[in-house]
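The values are calculated or read from the model by the stated rules, or taken from the named source; none is laboratory data. This one's a predicted model, so the numbers in the text were calculated from it and none came from an experiment. We place every Cβ from the backbone using ideal geometry, glycine too, and count neighbours over all the protein chains shown. Side chains are part of the model used for accessible areas, which takes the heavy atoms of the whole protein and leaves out ligands, DNA and RNA. Shrake-Rupley method; radii C 1.70, N 1.55, O 1.52, S 1.80 Å.
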Amino acid sequence: MVYKPVYINPASPGQPRTSVLVIYTGGTFGMVYDPKSSQLIPFDFERVLDRLPELHRLNFEITLITLPEIIDSSNMKPAVWVELAQIIQTNYDQYDSFVILHGTDTMAYTASALSFMLVGLTKPVILTGAQLPIGVARSDARENFITALEIAAAVDSAAVSTAAVDDSTGIVNLANQQKGKPIVPEVCVYFNSLLLRGNRSTKQESVQFNAFSSENYPHLATAGVSIDYNRPYIRPYQPDQLLSLHTVLDPNVTILKLFPGITQPVVESIVNIRNLRGLVLETFGAGNAPTDSWFLDTLKEAIGRGVVIFNVSQCEGGRVKQGHYQTSKQLDQIGVVSGADITTEAAITKLMVLLGLERNPAVVRKLLAQPISGEMSE
Ligand code: ASP
């Protein structure tokens, strides 16, 4: 696939500077109001500079590409995650970092999926978007995008000690200097002043600007007058790693959210879906579920057929502790895997990736129980 690039702030020959590849996928960020249909529709992103002339003031190269189909992120599919991962791999040597502009609705799923698909990542991949379209005066698009770019381009100051710092802007000028180590070499979501680990993020709010939270993992940075990085929690830079991709995602997964009064036919019809291989079971509190024998027998029979069941709490904060209460002990005994403090978004995408990699359910269960990209605590 050939994407038509827009170049902003290209470096002069012989003067390398940090370069960021921006991939625009759609979402509210780039929408404009269409009076004819009274709907928000995507605008021509190649004209982004008309809306954001301040991009010229950033002291690094920016290249923008647009996916062939601009989507509301409610239409996000694993095939697009594969496309994004492949774009990153193809451009990995050429760019220092990546920013993905994405609708907020499923951004946490995409961030989680990419964190599992981009194996050996050592460069920043920052997802951002907006709650209000860029064409609206009070839009949050500008701040989110520009700070996401700055975070993507940020390098460790110790590694660029000889770089010139512009006193008025505080921007590190990398022209003629050796490039430094990226500060955030992992997949993140940046939104409303907070940088979150991508596979720890959840969309928590659809009206206010604070769309994302990360209940079970500290913020990786807070952007105020300066951007303060929470370094002990950021994945360390490991220069020796080589990027490879997991691009086979098994679609035969589902999520079953429990509620008081859930009936046997409902549970059975979900668990007996043809070809089902993975189930995220959204349980109560610390991973608790009904102890009715029909319920446990249905799950046990499914596990016996090779369905992998992953226990994730409906609570955003806290964690699953299988065996802590009598109502979770039997889940443990029948072979349900504890999701500890994982989000549902990370759990379902982790299942898709692991089932795409491995046929043996026992091996999948083992891999599922361990953190593979910082998505859960041990
Ligand atoms: N429906 C939009 C989307 O996720 C919402 C947004 O971008 O904020 O694409």
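Quickly run through region 233-254 and pick out the residues that are open to solvent by less than 40 Å² (accessible area, probe 1.4 Å), assigned to a loop (DSSP other than H, G, I, E, B) and either in contact with a Leu (Cβ under 7 Å, 6 or more places away or on another chain) or more than 14 Å from L354 (Cβ to Cβ) (or both).
Of everything in region 233-254, those that are open to solvent by less than 40 Å² (accessible area, probe 1.4 Å), assigned to a loop (DSSP other than H, G, I, E, B) and either in contact with a Leu (Cβ under 7 Å, 6 or more places away or on another chain) or more than 14 Å from L354 (Cβ to Cβ) (or both) turn out to be I234, L243, D250.
Just one of (1) open to solvent by less than 70 Å² (accessible area, probe 1.4 Å); (2) without any contact (Cβ under 8 Å) to a residue 12 or more places away in the chain; (3) not in a loop (DSSP other than H, G, I, E, B) trips up G261, so point out which.
Result: G261 passes all but (3).
I'd like the full set of residues that are within 12 Å of the ligand (Cβ to nearest atom) and polar (S, T, N, Q), limited to region 88-115.
Applying the first criterion (within 12 Å of the ligand (Cβ to nearest atom)) to region 88-115 yields 101-110.
Result: T104, T106, T110.
State which residue is nearest to the chain's Cα centre (by Cα) when the search covers only region 92-113 and only residues that are over 16 Å from A130 (Cβ atoms) and open to solvent by 30 Å² or more (accessible area, probe 1.4 Å).
If we take residues in region 92-113 being over 16 Å from A130 (Cβ atoms) and open to solvent by 30 Å² or more (accessible area, probe 1.4 Å), then Y109 is nearest to the chain's Cα centre (by Cα).
Tell me yes or no: at least one residue of region 135-144 is closer than 20 Å to N230 by Cβ, out of contact with any strand residue (DSSP E or B) (no Cβ under 6 Å at 6 or more places or on another chain) and open to solvent by 40 Å² or more (accessible area, probe 1.4 Å). First the steps, then the outcome.
Restricting attention to region 135-144, the residues satisfying the condition of being closer than 20 Å to N230 by Cβ are 143-144.
Now drop any that are not out of contact with any strand residue (DSSP E or B) (no Cβ under 6 Å at 6 or more places or on another chain), which leaves 143.
Those left that are additionally open to solvent by 40 Å² or more (accessible area, probe 1.4 Å): 143.
Taking every residue of region 135-144 in turn, at least one turns out to be closer than 20 Å to N230 by Cβ, out of contact with any strand residue (DSSP E or B) (no Cβ under 6 Å at 6 or more places or on another chain) and open to solvent by 40 Å² or more (accessible area, probe 1.4 Å).
Out of (1) free of Cβ contacts under 8 Å to residues at least 40 places away in the same chain; (2) more than 27 Å from the chain's Cα centre (by Cα), the odd one out for A289 is which?
(1)
Return only the number of the condition from (1) of a type outside the set (S, T, N, Q); (2) within 13 Å of the ligand (Cβ to nearest atom); (3) open to solvent by 10 Å² or more (accessible area, probe 1.4 Å) that F43 does not satisfy.
In the conditions (1) of a type outside the set (S, T, N, Q); (2) within 13 Å of the ligand (Cβ to nearest atom); (3) open to solvent by 10 Å² or more (accessible area, probe 1.4 Å), F43 misses (2) alone.
Determine whether region 185-201 contains at least one residue that is closer than 24 Å to L121 by Cβ, modelled with pLDDT of 95 or more, among the basic types (K, R) and open to solvent by 40 Å² or more (accessible area, probe 1.4 Å).
No; the residues of region 185-201 include none that is closer than 24 Å to L121 by Cβ, modelled with pLDDT of 95 or more, among the basic types (K, R) and open to solvent by 40 Å² or more (accessible area, probe 1.4 Å).
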